[in-house]
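I have placed the structure first, in the form of structure tokens, so that the comments after it can refer back to it.
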Amino acid sequence: MEYQSTRGGASGLSAAEAILKGLAADKGLFVPDAIPTLSAEDFEFLGDCNYLDAAKLIFELYLDDFSLDEIDECVNGAYLGSFDSAAVAPLVSLDEQTRVLELWHGPTSAFKDMALQALPRLLTTSMKLTGEKREVVILVATSGDTGKAALEGFKDVPGTSIVVLYPSEGVSAVQKQQMVTQEGGNVHVLAIEGNFDDAQSAAKSIFMDQGAAERLSARGKRLSSANSINWGRLLPQIVYYVNTCAKLMADGSLKAGETVDFSVPTGNFGNILACYYAKQMGAPIGRLICASNANNVLTEFLRTGVYDRNRPFHKTLSPSMDILVSSNLERLLFELSGHDAAFVADCMKQLDETGRYEVPTAIHAQLSDLFYADFSDDEETQGCISETWNRHHYLVDTHTAVACRALENYRLATGSRSLAVVASTASPYKFPCGVYAALCGETACAGLSEYEVQRALSQYTSVPIPEPLADLEQKPVLHNRLCTKQAIAAAVESVIG
Ligand SMILES: *Cc1c(COP(=O)(O)O)cnc(C)c1O
């Protein structure tokens, strides 16, 4: 299996090279030359194997430069013992036709763990395979969830260290506490005076600084990112879609010739793109329902074929989906255009220069066949949280609720009676205020700390708080460094040591 850039500037790379590089030199994203397909025997095996064996089977198809032992090590390191469910990603039934795929049983209670528990192992194996001897220093600027999930993924992984920059005023109390209490011998957490953009631009300028790269290299280190465009983050996400389909076939929920629809709360388009890959591999998937919040640039794109980021940015109750440029969409354009790298490069150039591009009718027609797109604002989202609780006694977080609402609208619009799965991307206790207010009224959270809201929500619903969040308040603070904007670069170099 060889990998190439979506913009045509690189080809013939091994999986290890693609994962180690992350982004191609022409700024394109790495994609496999061809999408492997699964046989009927594969699906039979997947129907009753555990999650780890499912991951091994899928990884083997895409990582043919890794040995079977290396794949075993990556998968065991990622999923053995770090998830609080034996199923890793359990499937919960709401009614006859509706399931919820819970992707938040990892160490940070959000779906980023599914990929970020695997990425560090894929990266260190890639270093070994390509002869990279330097230690990899991961630098992440975060607005919340990614930073913590990356810290948990990379903590104490030999050959790596990680530095996370977060805006001191830009994350929730729980998110901040999750990061400043992070354990591990190779982790560094720095608060930045300013907002997320300040943290992000500081990280970018460090990545671009040739002098810093040379000083690090002289000390046997190289910088890398844990960005969601890395192939090593996308691949682990394909596993749970294929695995879910196989389990639904095995338990008779899905009969021969039937398909299952997936509704996915979407931001950077990574999670739903993994679902597309699973479908192309032969999983019996029908429609992909792309659910957005008030930042509905994807809804408009999938409905009209016009991508236009020139619009106001909304801060919503589902902050992990507050995104106007969904990077992974580039990989879909590459596939739907029949691997036309020049076309992709041109779209991305237009996006860069004007903030807008339009795809030809033939591609728009494919988008309409594959996807249904919908969005909901905060009020509709909260309405869906309380409806889901009242109807099914099932508690969803603000992101998952956006996908539940989109599924409902899809069924209303199309009359579909097909089996459908909602991808659930966070524990309701990760974003407790939006959830508690949805159930008990806008003023219910007034005057309460986030921890108090978590406890009140748990008392009201009898749904337990996941362990990684339950003991958070008591944990000792291990990282309390605060930098001014000017001091960030020097602080990063000094903590790397
Ligand atoms: C990251 C994230 C999303 C969006 O996933 P993408 O792969 O970026 O589309 C949705 N929900 C939660 C809770 C997330 O953390």
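Tabulated values for the structure
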read-out: Qualifying positions in segment 285-308 - touching a helix residue (DSSP H, G or I) at 6+ places or on another chain (Cβ under 6 Å) and either of a type in the set (Phe, Trp, Tyr) or surrounded by fewer than 19 Cβ atoms within 10 Å (Cβ to Cβ) (or both); value: Gly305, Tyr307
read-out: Given (1) farther than 23 Å from Thr388 by Cα; (2) out of contact with any Phe, Trp or Tyr (no Cβ under 8 Å at 6 or more places or on another chain), index of the condition Gly434 fails; value: (1)
read-out: In segment 111-155, the residues that are among the polar types (S, T, N, Q) and open to solvent by less than 30 Å² (accessible area, probe 1.4 Å); value: Gln117, Thr125, Ser126, Thr142
read-out: Residue identified as over 15 Å from Cys404 (Cα atoms), aliphatic (A, V, I, L, M) and within 14 Å of the ligand (Cβ to nearest atom) among Ala274, Ala256, Ala291; value: Ala274
read-out: Selection within segment 286-327 - under 23 Å from Gly9 (Cβ atoms) and touching a strand residue (DSSP E or B) at 6+ places or on another chain (Cβ under 7 Å); value: Tyr307
read-out: Residue within segment 398-405 that is open to solvent by less than 30 Å² (accessible area, probe 1.4 Å), touching a Leu at 6+ places or on another chain (Cβ under 6 Å) and within 26 Å of Gly267 (Cα to Cα) present; value: yes
read-out: Pick from segment 263-316, criterion of a type in the set (S, T, N, Q) and closer than 24 Å to Gly415 by Cα, ranking: nearest to the chain's Cα centre (by Cα); value: Thr266
read-out: Filtered residues of segment 309-357 (kept if among the small types (Gly, Ala, Ser) and open to solvent by 50 Å² or more (accessible area, probe 1.4 Å)); value: Gly338, Ala342
read-out: Filter result (open to solvent by 30 Å² or more (accessible area, probe 1.4 Å) and over 26 Å from Ala89 (Cα atoms)) within segment 411-438; value: Leu412, Ala413, Thr414, Gly415
read-out: Residues (under 23 Å from Lys204 (Cα atoms), within 16 Å of the ligand (Cβ to nearest atom) and either among the basic types (Lys, Arg) or assigned to a helix (DSSP H, G or I) (or both)) located in segment 107-140; value: Lys112, Ala115, Leu116, Leu119
read-out: Checklist (1) closer than 21 Å to Pro476 by Cβ; (2) open to solvent by 40 Å² or more (accessible area, probe 1.4 Å) applied to Val180, failing item; value: (2)
read-out: Subset of segment 43-83 [of a type in the set (Ser, Thr, Tyr) and free of Cβ contacts under 8 Å to residues at least 12 places away in the same chain]; value: Ser67
read-out: Filter pass, Gly170 being at positive phi and of a type in the set (Gly, Ala, Ser); value: no
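The values are calculated or read from the model by the stated rules, or taken from the named source; none is laboratory data. Everything numeric here is computed off the predicted structure, so don't read it as measured data. Counting neighbours? That spans all protein chains shown, and the Cβs are built from the backbone with ideal geometry, glycine included. We work out accessible area using only protein heavy atoms, side chains counted, and drop any ligands, DNA or RNA first. Shrake-Rupley method; radii C 1.70, N 1.55, O 1.52, S 1.80 Å.
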